[in-house]
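All remarks here apply to the structure that follows.
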Amino acid sequence: MAGKTYLFQPEKKVMKQGYFMTDESEGIVYEAKMLKQPLLGAMEFEFVNHVSGKTETHKVGKTLTTESGAGGIVSALSQKSRFKFDGTNIWDYLHDAGIRIETGLAGGKLGMRYEVTLKGQPMASLESTTPGGKSIITSKHYYNVTTEEENLDLAFLTAFAIARTDQAIYN
């Protein structure tokens, strides 16, 4: 896939739960900053696209994970993990926007690769990585995201959804 590759990563402050994406010169191109974390109800996040200058505030619910099955590998594959995004299940939100995600194993590393299409056309590729990218065992919070600049909003939101959930496989 053509486009630039960005590093999607968590904010370093434990209680913030934010994420950001940097370019090859480590400049922040996109971020989701948690503004409010109430005891009850959804958290408030500010999503900032530093390339386009667009800023939006969204409500992000707590992550819920359910399993069906007796445990082990079967349960991991039948796991459903989600959170509400502005009151809608995040996977439904992305699906309604035209996003489809195909999963597979990352090449040469112990991790996942996600091929993302938008209305049937390739939009982004996400591959799990580590800080610095040198380890063979990857993290579920760090992704190399390859996409075109005009797709940054949906590519970031897709990476945000995958990183905040325990959903390893979603189509």
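Within segment 3-52, can you find the residues that are β-branched (Val, Ile, Thr), assigned to a strand (DSSP E or B) and under 21 Å from PRO122 (Cβ atoms)? Answer for segment 3-52, where residues must be β-branched (Val, Ile, Thr), assigned to a strand (DSSP E or B) and under 21 Å from PRO122 (Cβ atoms): THR5, VAL29.
Residue pairs whose Cβ atoms lie under 6 Å apart, separated by 6 or more positions or on different chains, with the first residue in segment 133-149 and open to solvent by 50 Å² or more (accessible area, probe 1.4 Å) and the second among the hydroxyl-bearing types (Ser, Thr, Tyr) and modelled with pLDDT of 75 or more, are ASN144/THR5; ASN144/THR129.
In segment 6-50, of all residues being of a type in the set (Val, Ile, Thr) and open to solvent by 70 Å² or more (accessible area, probe 1.4 Å), the one that is nearest to ALA163 (Cα to Cα) corresponds to VAL14. Restricting attention to segment 66-86, the residues that are modelled with pLDDT of 95 or more and open to solvent by 60 Å² or more (accessible area, probe 1.4 Å) total 2.
The values are calculated or read from the model by the stated rules, or taken from the named source; none is laboratory data. None of these values were measured; they are calculated from a predicted model. Cβ: placed from backbone, ideal geometry, glycine included. Neighbour counts: every protein chain shown. Note: accessible area is taken over every heavy atom of the protein model, side chains too, but ligands, DNA and RNA are not part of it. Shrake-Rupley method; radii C 1.70, N 1.55, O 1.52, S 1.80 Å.
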